[in-house]
1. Taking amide hydrogens as modeled 1.01 Å from N in the peptide plane, which residues meet the under 5 Å criterion relative to Val62, leaving out close sequence neighbours?
2. From the P(r) of region 6-80, can you give the percent of Cα pairs sitting at distances over 16 Å?
3. For the chain, what is the percent of antiparallel DSSP beta bridges, rounded to the nearest 5?
4. Could you give log10 I(q)/I(0) at q = 0.13, 0.15, 0.16 Å⁻¹ for the chain, computed by the Debye formula over C-alpha point scatterers of equal weight, without solvent?
5. Under unit Cβ charges (Lys, Arg +1; Asp, Glu -1), what dipole magnitude, rounded to 20 debye, does region 6-80 have relative to its Cα centre?
6. Be a star and scan region 28-58 for residues whose amide nitrogen sits under 12 Å from the point 7 Å along the Cα-to-Cβ vector of Leu64.
7. Would you mind working out the magnitude of the charge dipole of the chain relative to its Cα centre, with +1 at each Lys and Arg C-beta and -1 at each Asp and Glu C-beta, to the nearest 20 Debye?
8. Cβ under 12 Å from Leu64's Cβ, Leu64 left aside: what net charge do those residues give with Lys, Arg +1 and Asp, Glu -1?
Amino acid sequence: MSNPRWLADEMVGRLARYLRFVGCDTAYVRGLLDDEVLARAEREDRILLTRDRELARRAGRVVLLTSPRLADQWKQVRSAVPTTPGAVAFVRCTVCNGLLVSYTAGGNRPDPDGVPWDRVAQGLRLYQCSECGHLYWEGSHTARVRQQIANWSGETRP
Ligand SMILES: [Zn+2]
């Protein structure tokens, strides 16, 4: 189990986003019955992430998150499954979990607000979600996420 696959239930959406930031295949479900959540985890070979004790008790592979704090949840996940990556990677879309591909200019160019095209012209790489088209690049947001993760990891040192 090198890079584990996850299924986050509706109570842990923020954790799901952080797992996608580090490149983990993380499905996020909302509005499903418990049976449907369990069936999907089983079918897609995913480890369930939940704060629901009853649901966790019925799951095959699961991390029961005992704290509402994101920092605690992050540490709990990495402690339960140490192969969970700890570094930001441009692999998964944090919005929809789609795979990111290198974006090459030309063709059907999306142009949402905020893309630093001047820096792209100087060599900054863009990544695009193959599912929803969302664009990603190394910038102030990724720096904040990286710092956040580093802070959490630092807290785990004895
Ligand atoms: Zn996407």
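Bear in mind that the values in this text are calculations on the coordinates, not laboratory data. Since this is a predicted model, take the numbers as computed values, not measurements. Positions of Cβ are generated from backbone atoms using ideal geometry, with glycine treated the same way; all protein chains shown enter the neighbour counts.
1. Leu48
2. When every Cα pair of region 6-80 is considered, 41 percent fall beyond 16 Å.
3. Approximately 45 percent, going by the DSSP bridge assignments.
4. Calculated log10 I(q)/I(0) at the listed q: -0.65, -0.83, -0.91.
5. With Lys and Arg at +1 and Asp and Glu at -1, about 380 debye.
6. Zone members listed by number: 50-58.
7. Using only the charged Cβ atoms, the result is roughly 480 debye.
8. Summing Lys and Arg as +1 and Asp and Glu as -1 gives +2.
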